[in-house]
Structures are given as C-alpha cells and as structure tokens.
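For reference, the structure is listed below as structure tokens.
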C-alpha cells in the first residue's frame, strides 16, 4: 500500500498526463480489491476426502479410545448435561447461573442484539461485576453490530472487559469472513452453557410463531467445562494476548454425573477436518439408527431422519457431534 501511494505521488511529480495517472490509480485500486477478495475467499485448510472403514460398533471401547485421541481433547468422565428448549428454558437458566457467580464469568457470542433479553443479560453481568466478579465478554464484530453501544459502555464502566472479535479495518479485510460463531458461557469454571441461541429477542418465548425462533442450548457441569473454558480462551488470547488462568478459571471439579464427553473446536486455522472425521467415524459405527436433527426457525418440530425405532448410539457420541458443531 505505501509503495502504491509512492508510485502515484511520483507520477504526479513527474508531470504525467491525467489519463496515465488515472490508469495507474485504477490499476492500484483493482489490485487491492482483487487481493482482498482472494484473501477473504481462500480456504486456509485443504479439504480432505476421508475413507472410514467400519471396524467396530458404537459401544466398542475402541471407538471411544480413538475418538478421544484423533479429534483433540480427551473424552472425560463425570459430566452432567441438561438440554434446554427455546428461550423460555434457556434464558432463565443462564440468568440464574450468572446471578450465582462468585469469582469469574467468561462469555462469548456471535449474536448480541439490542432488546429486552440483551438488557437483562447485560444488567446481570454488570451486577456481578460490581459485586467483585471478574467478567470477560467476547463479541463478534459483525454478528454483534446491533448491540446497544450504551449498554457496552455501561458494561465497561462497571469493570467488565469487553472485546470485539476481528474488528474490521482496511488492513484486516482479508479476514472479514473469519467470524466467531461460538456461543459459550462459563461461570466460575464449573458451569457451562453452549448451544445455538443468540442474545436477541427473536429467541424469547417457545417458538410460538414465525417471529420467535426455535433453538437448543445445553447446561453442563463436570470436567468437560474446563474444555469449554479452553474454547473461550482460544479466541480471547488471540484477540487480547491476556491468558486467564488459575483456579478461578480452571478449578478442581468433582464428578457431577455419569456422562463421558469431549469438546473440541474448529476455526479457519484448523479443526474442521477433525469435525468431519468425527461425524464419519460416528456414522460408520452406527448399529440401528441415526438421528439427524436440523436447526429450524419459527414454529414446528425440527425434522428427524430415522431408520428404525430406538436410537442405539451412546449419548456421549451424540454430544460430541452437537458440541463440536456448536463451537465452530
């Protein structure tokens, strides 16, 4: 860019014709535009075609061992999960957890739009920050463009650290399409929430009409919450350079249930290959049925494809699929 400006400046200084100057300027602008488009559309990862042979069934210990080492973090025991349907169940559970926070809250979302629920979540975070809880909020620059600037200012005035993921500048246009679609809330390093819901009034209610959206979220406790905290820190450290650590963020966690789970992430730098491999490995090992829920908006139940009654895929396999898709 400085070199291009220097070339234009030299052209003016040497008294070239206006037509030549226009041609030079047009060439420079065209080069910048084409370069930006190429950088924005190129795929950082090479797509691979996987061939997964069926060597074992879903309940085989070998499947669990391989899923635990091929895809990233280990599968950890002692977890509990509660599925939450639509805003009527999701937002009260999140607000209750935020209100009970004692030490830390880490929160990352792709959607945070002005409205009723945005104010309620914001007020809850502000109240806890004023009470001495360390609160960190990561907002996607594009997805959260409709958040109230006044609310953000109030959060910051209350001591909340608010960061924008990949703010758009002229020199960062090449990563314009690199957004965070992660939706995670971790309270005291012990309770985690993740799922499909954004912070907007469209998710309020129970998908009673086309103006209110259907979605699922999950409340988790157990060792897998530490992996969720690591997912939040992945983008936080990249954006701020500030590593949050210590027992306020990664406390010792006693078993809270019987579920075995793992959480892994993907980004433009890597991870989508592991996600595809996870899906193919789980599908290949299926014995009796494959349930394939699809996210929908508005009323009506989400479609489910099913080969036979009675799913036989262990819940931890389904949760690996759900969580990995969420943390993209």
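Since every read-out is calculated from the coordinates, none of them should be taken as a lab result. Predicted, not measured: the structure shown is a model, and the values here were computed from it. Backbone-built Cβ (ideal geometry, glycine too); neighbour counts: all protein chains shown.
Over all directions, the projected convex hull of the C-alpha atoms in the range 184-245 averages 5.1 nm² in area.
Rounded to two decimals, the Cα-based Rg/Rh of the range 113-257, with Kirkwood Rh, is 0.97. Under a crude label model (7 Å from the Cα following the beta-carbon direction), how far is residue 279 from residue 74 in nanometres? Taking the simple label geometry, residue 279 and residue 74 are separated by 2.9 nm. Among 105, 126, 186, 283, the order by Cβ neighbours within 10 angstrom, fewest to most, reads 283, 126, 105, 186. Each label was represented as a point 7 Å from its Cα along the Cα-to-Cβ direction; for residue 30 and residue 287 these points are 6.4 nm apart.
Each peptide in 227-237, 145-155 receives the mean, over its residues, of other Cβ atoms within 10 Å, and ordering these scores from highest gives 227-237, 145-155. Highest mean first, the peptides 117-124, 248-255 sorted by other C-beta atoms within 10 Å per residue fall in the order 117-124, 248-255.
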